[in-house]
Amino acid sequence: MLADLLSECFATDYEETWECERTATPVRAFAVQLHATGCSLRETKQILRYLGVERSHQALWQWVHRLADSGHNPPEAKPKRVAVDETAVKINGEWSWLYAAIDIETKLILDVELFGRHGTDPAAAFLHRLSEKHDLSDTVFLVDGYGYQTAISRLGLSGRLDYVERNLIEKWFHTLKMRVDRFHNSWVGSHGSVREWFIQFVQYYNFQRPHQALDGRTPVEEATN
């Protein structure tokens, strides 16, 4: 099985993605597959070390997520139930907030965005951005606070307090932070570069990562089925 994984290569369409890399494509393919099956970046790095390949944590991250640069935005959706929330991240010692929305049925991440503060106004701005990308005419937003309800009402959308199904977005934040375990909640770099990393993770999650609750399908496969 190990030999089979090491002999695999990505499709020709992705050759440009790897052209500046110095590690052989089969090894990169193996690393990406390890990560997709649930290995953390640290675990993947250790397995490659056993094979005689020494690469940095950041290089492994870019192997896994660089393919997302060749991907697409989430397909336009008409979700029925969407969980929305924010989580705090520290960038250069200062707090920012990552907002995200997930389709309960397909597990598709519909959008993410970073804001310098949190509250009703950023929530309304995020929901407005979401409404420009997807058909929300039949969507009910599942939220955990009255600030979101105010933002939803301001935009003429529908929502309700929910402390059970909306936990899906909390689980996604946990998955995100598990996969960037080197950084935890603290990042060094520009606001734009951190935002780009989050966008790359969303593309990876939507297009490449098999989801156990979807019988091994990706959220995009579920949404377009």
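The values are calculated or read from the model by the stated rules, or taken from the named source; none is laboratory data. Remember, it's a predicted structure, so these values are computed and weren't measured experimentally. All Cβ positions, even for glycine, are placed from backbone atoms using ideal geometry, and neighbour counts span all protein chains on display. Surface areas here come from the heavy atoms of the whole protein model, side chains and all, with no ligands, DNA or RNA. Shrake-Rupley method; radii C 1.70, N 1.55, O 1.52, S 1.80 Å.
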Prolate/oblate/rounded call for segment 46-163, Cα gyration tensor, a/c under 1.5 rounded: prolate
Segment S158-S137, length gained on full extension (0.36 nm per residue, minus Cα span): 6.7 nm
Solvent accessible area, Å² - F30, 1.4 Å probe, full protein context: 10 Å²
Solution diffusion estimate, µm²/s, Stokes-Einstein, segment 102-187, Kirkwood Rh from C-alpha pairs, 20 °C, viscosity 1.002 mPa s: 153 µm²/s
Note, ³J(HN,Hα) from phi for segment 155-162, Karplus 6.51, -1.76, 1.60, rounded to Hz, x at Gly and Pro: 9, x, 9, 10, x, 8, 5, 8
Whole-number Å³ per residue for the convex hull built on Cα positions in segment 80-140: 79 Å³
Selection of trypsin sites (Lys or Arg not before Pro), segment 140-183, meeting DSSP coil and at most 15 other Cβ within 10 Å: R182
Distance between segment 105-158 and segment 203-225 - C-alpha centres, whole angstrom: 22 Å
Chain lengthening between Y50 and Y146 when straightened (0.36 nm per residue, less Cα-Cα): 29.4 nm
Built amide H within the under 5 Å cut-off of A83, gap 5+: I102, I104, L142
